[in-house]
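Every read-out reported here was derived from the displayed coordinates using simple, explicitly stated rules and does not represent laboratory data. No experiment lies behind these values; they were computed from the predicted model shown. With ideal geometry, Cβ positions are generated from the backbone for all residues, glycine too; neighbour counts draw on all protein chains shown.
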Amino acid sequence: MNLGNSLFHARKKRGLSQEDVAEKLGVSRQTISKWETNETVPDIYQSKRMAMLYNMSLDELIDFDIDIREIQEVIDKTNEKTEEKINWTNAWGKKYPILLKYQADVDVPSYAYKISAMLDELKLEHQFNEQDAMLVLKDILYSVWKDRKNRAN
């Protein structure tokens, strides 16, 4: 996401108009518009004031990603009972359709057997409970995927 988008989404998240922000920062609404469309960029002083106005650090404002922030808020507010009711495959399948259709083409029991063996190995070697073993395995798998992706680029 670029800086203009970050500024736009951070402002919207706080429920402020361009006029509101302009008034609080002592600039014109057009200036806010130019910042949000990447026509110009705010100086460091104005950036720090915006970060304070939006209740975030300057680093957060620069890297603000509405999706990540919203996901984190949902995670923080979700208790275990609610989490168990969520069909995560369907939820993520809206963004990643492969999750809704791979079962027809992939030998799931074969992969499940291998993954189950890896989970058992983690539990035995490190005395992890079932959930911790799954989280560690998921994290390892993600690290491998990320490394492969970085090498390909």
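One table, with the values for the structure above:
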item	result
Footprinting exposure proxy for Tyr102, Tyr142 (fewest neighbouring C-beta atoms within 10 Å first)	Tyr142, Tyr102
Fully extended contour minus Cα-Cα distance, from Ser28 to Thr82, at 0.36 nm per residue	14.9 nm
Phi-based couplings in Hz for region 8-19 (Karplus 6.51, -1.76, 1.60; Gly and Pro marked x)	4, 5, 5, 5, 4, 4, 7, x, 9, 8, 4, 5
q = 0.20 Å⁻¹, the chain: log10 I(q)/I(0) [Debye, one scatterer per Cα]	-1.25
Max mean-square fluctuation residue, GNM over the chain, Cα-Cα springs under 10 Å, options Lys123, Lys81, Lys48	Lys123
Listed pairs Lys48/Lys149; Lys94/Lys138; Lys34/Lys94 exceeding 29 Å between Cα atoms	Lys48/Lys149; Lys34/Lys94
Residue among Ala104, Ala22, Ala91 with the largest mean-square fluctuation in a Gaussian network model of the chain, springs linking Cα atoms under 10 Å	Ala104
